[in-house]
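Take a look at the structure below.
FYI, it's all coordinate maths here, none of it is from the lab. From a predicted model like this one, the values you see are computed outputs, not experimental measurements. Here the Cβ positions follow ideal geometry from the backbone for every residue, glycine too, while neighbour counts run over all protein chains shown.
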Amino acid sequence: MYELHLNDIPFEQIREGKKTLEARVFDEKRRHLKVGDIITFIARSNEQNTFQAKIVALHQFPTFLEMFQTLPVEKFGWEKKSTAEQAARDMHTYYSTDEEEKDGVVGMELTLLV
């Protein structure tokens, strides 16, 4: 089982079923993820606030831009009118381009567990 901490907005979006894909760099920690794994999501603002989701697919890409050009940005929690370029820029507030180039990226497709 894995744990991922999320800021409040993406945490609620996944819990409410509005966000079904979570984007991350495909670093050493995430290379161990596989379809069927359970992730416990933890709210950064209140670590007692958690829920679980199961990975139903893993989508690997060289860059965030390529991922967001291929998969619908709204499934990652952005508004439908958002562009792939905007979404990729937003991800660079969390990850450097060096990390992205070194490890590539992954979109974890999730289904909630009740």
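Things worth noting here:
- For the chain, the share of DSSP beta bridges that are antiparallel, to the nearest 5, is 80%.
- Placing +1 on each Lys and Arg Cβ and -1 on each Asp and Glu Cβ, with no other charges, gives the range 2-112 a dipole about its Cα centre of roughly 360 debye.
- Across the chain, Cα-Cα distances exceeding 16 Å account for 57% of all pairs.
- Among S45, S82, the order by Cβ neighbours within 10 angstrom, fewest to most, reads S45, S82.
- Applying the Karplus relation 6.51 cos²θ - 1.76 cosθ + 1.60 with θ = phi - 60° to the range 39-47 yields 3J(HN,Hα) values of 10, 8, 8, 10, 6, 4, 6, 7, 5 Hz, where x marks Gly and Pro.
- Among the listed pairs K34/K54; K34/K75; K18/K75; K81/K102, those with a Cα-Cα distance over 18 Å are K34/K75; K81/K102.
- The 3J(HN,Hα) values that the Karplus relation (6.51, -1.76, 1.60; θ = phi - 60°) gives for the range 78-87 are, in residue order, 7, 5, 4, 6, 5, 9, 4, 5, 4, 4 Hz. Gly and Pro appear as x.
- For V105, the amide hydrogen comes within under 5 Å of the amide hydrogens of F26, F61, T63, counting only partners 5 or more places away or on other chains and with H modelled in the peptide plane.
- For peptides 92-102, 6-16, 34-44, sequence by mean Cβ density within 10 Å, most packed first: 6-16, 34-44, 92-102
- Under 15 Å, Cβ to Cβ, from S96 - net charge with Lys/Arg +1 and Asp/Glu -1: -4
- Using θ = phi - 60° and Karplus 6.51 cos²θ - 1.76 cosθ + 1.60, couplings along the range 3-20 (whole Hz; Gly, Pro as x): 10, 10, 8, 10, 5, 4, 5, x, 4, 5, 4, 5, 4, 8, x, 7, 10, 10
- Cα centroid separation, the range 19-68 to the range 88-112 (Å): 10
- Sites E12 and R89 - FRET efficiency at Förster radius 22 Å, r taken between beta-carbons, to 0.05: 0.45
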